[in-house]
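The values are calculated or read from the model by the stated rules, or taken from the named source; none is laboratory data. What you see is a predicted model; the values in this text were computed from it and never measured. In this analysis, Cβ positions are derived from the backbone assuming ideal geometry, glycine residues included, and neighbour counts consider all displayed protein chains. Keep in mind that these areas ignore ligands, DNA and RNA; they rest on the heavy atoms of the full protein, side chains included. Shrake-Rupley method; radii C 1.70, N 1.55, O 1.52, S 1.80 Å.
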Amino acid sequence: MRFLFRLARPATRRTKRPFRVERVRPHLRQLIESWTRTPAFIVGHAQDLLATNALADALYRDFAQRDNVLRMLFLDPAAKTFYRNAERAKHRAVADLQQSAASTPEDARILELVGELSVRSPEFRSLWAREYTRVPPYDVKQIHHSGVGDLELRHEALNIRSSPGQQLVTLQAEPGSPSADGLALL
């Protein structure tokens, strides 16, 4: 009988939680700003760019809006020429977001971003519908910068323990390589 009563009772209404405002700790911002030979940035749980250093700004200068990694990949035409393997970068970014969404399924920021990208990008919508796979924090990015040409950079995403959900991302060139020379020109 209790079972039937629970079925008949109206469900409690869920209210949307407001976006949680993510802030970068001042010492982390100071750390990445001190790196002059390594592009670095901090992303939030929904892959919003929260802080960048000068070299990362120079590296991504061709993008019209640099506020969110997924928006850059799926909505900015610059991504097609910037990433030599844009498909791989998109798969990785969607898998990263799916991992965040799995751990915080009712997060208003992620829900809003997924909704926006699903409406504006059929490619995102298709990738989002797939089951995610865990992605390693290390990757090699092959990019084409309009000013310095082709670069091969080691991408490392480090979880920031003092700010759960945030990651410190570094892009490093092999010392003495043409990519290191390209970064030096930026």
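Listing for the model above:
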item	result
Charge dipole magnitude, Cβ of K and R +1, D and E -1 - the chain, Cα centre, debye nearest 20	1220
Length-normalised contact order for the chain - Cα pairs under 8 Å, 6+ apart - percent	21
In Hz, Karplus ³J(HN,Hα) per residue of the stretch 139-153 (6.51, -1.76, 1.60; θ = phi - 60°; x = Gly, Pro)	7, 10, 9, 10, 10, 10, 8, 4, x, 10, x, 6, 9, 10, 10
Backbone HN-Hα couplings from phi across the stretch 158-172 [Karplus 6.51/-1.76/1.60, Hz, Gly and Pro as x]	10, 5, 9, 4, 7, 9, x, x, 8, 10, 9, 10, 10, 10, 10
Sum of -39500 (n - 2.57) over DSSP H runs of 4+, divided by residues of the chain (222 nm, nearest 500)	-12500 deg cm²/dmol
Nonlocal amide H pairs with Asn68, under 5 Å, H built at 1.01 Å	Leu49
Summed side-chain charge close to Gly182 - residues other than Gly182 whose Cβ falls under 11 Å, Lys, Arg +1, Asp, Glu -1	-3
Extreme residue, positive dipole direction of the chain, given options Leu113, Ala78, Ala64 (C-beta unit charges)	Leu113
Tilt relative to the chain, helix 108-120 - C-alpha long axis, 0 to 90 degrees, to 10	70
Given [x] 1.10; [y] 0.93; [z] 1.06, the label whose value is Rg/Rh (Cα atoms, Kirkwood Rh) derived from this model	[z]
Solvent exposure, largest accessible area first (probe 1.4 Å, DNA, RNA and ligands not counted), of Arg29, Arg23	Arg23, Arg29
The stretch 27-39 - phi-based ³J(HN,Hα) in whole Hz, Karplus 6.51/-1.76/1.60, Gly and Pro as x	5, 6, 4, 4, 4, 5, 5, 7, 7, 9, 10, 10, x
